[in-house]
Amino acid sequence: MNVLITQAKVRIIILLSKYFALKVLKDVDIIAAEDTRHTLKLLNHFEISKPLISYHRHNEDDKSDVLIKKLLDGENIALVSDAGTPGISDPGEEVVKRAIENNINIIPIPGACAMINALICSGISTKEFTFIGFLPLNKKLRQEQLNKIKNAEDTIIIYEAPHKLGKTLSDLKEILGNRQVVLARELTKIHEEYIRGTIQDIIDRSENLKGEIVIIIEKSNHKQDIINEIATLDIEEQYEYYKNLGFNKKDIITDPTACIMFDLNNLKTVNDTMGHSAGNQLILNFAKLLRSVIPEKDFVGRYGGDEFIAVIYHTSEAEIKVILKSLYREKNRLNSYENQIPIDYACGWALSSDDIACTMQMLLDDADAYMYKNKQLCKKCN
């Protein structure tokens, strides 16, 4: 059970238990409900007798004014949704906006939220996600929205009703490709179920499914798809490919080139414990270290903050490994000196292929991603 309570009184409360939610329902003056019939059954079960006001998506605009007037008159109101969280693909957003405009407090009573429950049990990345809610009913509008998100590099979450599930799954497969998805239904209820597989697998198993449905969709592999597509082209075709994307010929790398990203792990600690002058000296020392090891023909520079970049031209994987080993040895030698501000860094690198054209931005992105992974490993080791 999820409750959103709006109060005329000036106070902040965070209620985390269903018992508090029941107390709120007993204490408020009025309960606004998405479906008064369902809410009445709940109230009768717990022997709660309160006036009910119907508040759903078809009357949300008019009833919001009614609720705000009662709140301004000093009454406390609880907003209850049937199966979900008020305001999240359920009525509630409009009355919250108007309550804020009238300096009325809004106090959430947390409960089960379908999209969060589905996401954490999906096994699909929870690091970054986009919540869409219900897709438009109109096929053209629905497909337009899916086209907007098809290359998103984060997990996608949508809600769907059983009677529209087949059409939605077909559109997902057509526009997003046959990705891995998780279909979660009837969450927190007796018939809770998770169905995992490709979109086609779900299509094959989705007949006669009932209940509230959440679909978790893995992020786009658009970048890898581009790499795979480019790999099938010769160099001249690759030039044309990038030119069509708006790149100049000078932006396109064809010779083997490496980008190395560096991040000083201890700059913040040095700034906090030894002062910013020591931090500036550490930056200068690290810049000198990079320049002393990386060949003069190649580029070395500060990328920003505690990050540095090196670009190695006409190179190979073997040469990059030699450079990094030399850098590591020289770093240890400098750190052995007395009164030396210790240098500690994480790095990541990416190398363009001999036969696949790419851009410097692509190399930068890949090197930065590998550097971030190595930095996380450094933190775990420490």
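The values are calculated or read from the model by the stated rules, or taken from the named source; none is laboratory data. Everything numeric in this text was worked out from a predicted model, so none of it was measured. All Cβ positions, glycine included, derive from the backbone under ideal geometry; neighbour counts span all protein chains shown.
Computed values, structure above
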read-out	value
Tally of residues being among the charged types (D, E, K, R), over 13 Å from ASP344 (Cα atoms) and within 32 Å of the chain's Cα centre (by Cα) across the range 250-303	3
Members of the range 136-188 found to be farther than 16 Å from GLU207 by Cβ, free of Cβ contacts under 8 Å to residues at least 60 places away in the same chain and basic (Lys, Arg), listed by number	LYS139, LYS140, ARG142, LYS148, ARG179
Residue tally, condition crowded, with 19+ Cβ neighbours inside 10 Å and of a type outside the set (A, V, I, L, M, F, W, C), over the range 332-351	2
Flag if ILE124 is of a type in the set (A, V, I, L, M) and touching a residue at least 24 places away in the same chain (Cβ under 8 Å)	yes
ALA287 being part of a strand (DSSP E or B) and in the same structural domain as LYS373 (by TED's automatic domain parsing)	no
Hey, ILE88 under 29 Å from THR188 (Cα atoms) and either among the charged types (D, E, K, R) or modelled with pLDDT of 90 or more (or both) or not	no
Condition check for ILE309: more than 19 Å from GLN361 (Cα to Cα) and assigned by TED's automatic domain parsing to the domain that holds LEU351	no
Qualifying positions in the range 314-365 - over 17 Å from ASN266 (Cβ atoms), without any contact (Cβ under 8 Å) to a residue 40 or more places away in the chain and assigned to a loop (DSSP other than H, G, I, E, B)	GLU338
